[in-house]
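The values are calculated or read from the model by the stated rules, or taken from the named source; none is laboratory data. Model, not experiment: these values are computed from the prediction. Note that we place each Cβ from the backbone using ideal geometry, even for glycine, and neighbour counts take in every protein chain shown.
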Amino acid sequence: MSECIVMPVELLAAFWAVSMLFVLTPGADWAYSISAGLCQHGIIPAITGLLLGHLAATLLVAAGVAALVASVPMAMTVLTVIGAAYLVWLGYGMLTAPASSLSPKASAEQRQKSRLNWIMRGFCISGLNPKVFLLFLALLPQFTSSRGTWPISLQILTLGWVHICNCGAIYLLVGFGARAVISSRPQAAILVSRFSGVTMIVIAALLVAEQCRH
């Protein structure tokens, strides 16, 4: 009797390792997680938004929509420009109004920001990043198998969920780690906030530059 394989475990384990390597590479998601860590109530909503963006990319790849978008150069260009512009806007905001600290005054100001605002910003950062779509489009199908009893789309969703779990674990560590290290250092909080802003602007420039080369 042939063995019923839902999804090859070795492929799942290999993807977990590859996914973790990507997640451990600092980028716009890291910068946003750090900035959220400087605010008293921002970490969970911000990271929820980031993860929802990755979930949207996973669903698009599983549905085949991402492949269609990637095949249209103008669509990728528009997505890149919108995503880069959004990163520049966020980065500029961090540079001109950096987090001052977790003092009572700063905390009161941050409490006025709605959870929805943090979630939507995080969703736009990861959801408008063309790198996420291209990464998922190129990576996820390689770790699927026709030997599995699950359809390819369901295998892609499973792999996407593994990646989302990796992202959640690392981003939470980054966000709460930033809070623990910087909470008692007001000047450090300002410097880190400005550094996060510069990082977002640089990433936006790199996205546009790479798109222009294609």
Within the range 15-22, is even one residue within 28 Å of Tyr92 (Cβ to Cβ), modelled with pLDDT under 90 and buried (at least 22 other Cβ atoms within 10 Å of the Cβ)?
no
Name every residue in the range 137-164 that is within 12 Å of the chain's Cα centre (by Cα) and of a type in the set (A, V, I, L, M, F, W, C), in order of residue number.
Ile164
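Every residue, every condition in (1) assigned to a helix (DSSP H, G or I); (2) at pLDDT 80 or above; (3) surrounded by 14 or more Cβ atoms within 10 Å (Cβ to Cβ); (4) not charged (D, E, K, R), yes or no:
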{"position": "Leu51", "(1), (2), (3), (4)": "yes, yes, yes, yes"}
{"position": "Ala62", "(1), (2), (3), (4)": "yes, yes, yes, yes"}
{"position": "Leu68", "(1), (2), (3), (4)": "yes, no, no, yes"}
{"position": "Ile82", "(1), (2), (3), (4)": "yes, no, no, yes"}
{"position": "Ala99", "(1), (2), (3), (4)": "no, no, yes, yes"}
{"position": "Leu102", "(1), (2), (3), (4)": "no, no, yes, yes"}
{"position": "Ala106", "(1), (2), (3), (4)": "yes, no, yes, yes"}
{"position": "Cys124", "(1), (2), (3), (4)": "yes, yes, yes, yes"}
{"position": "Leu137", "(1), (2), (3), (4)": "yes, no, yes, yes"}
Can you find even one residue in the range 160-174 that is assigned to a helix (DSSP H, G or I), at pLDDT below 85 and surrounded by 15 or more Cβ atoms within 10 Å (Cβ to Cβ)?
no
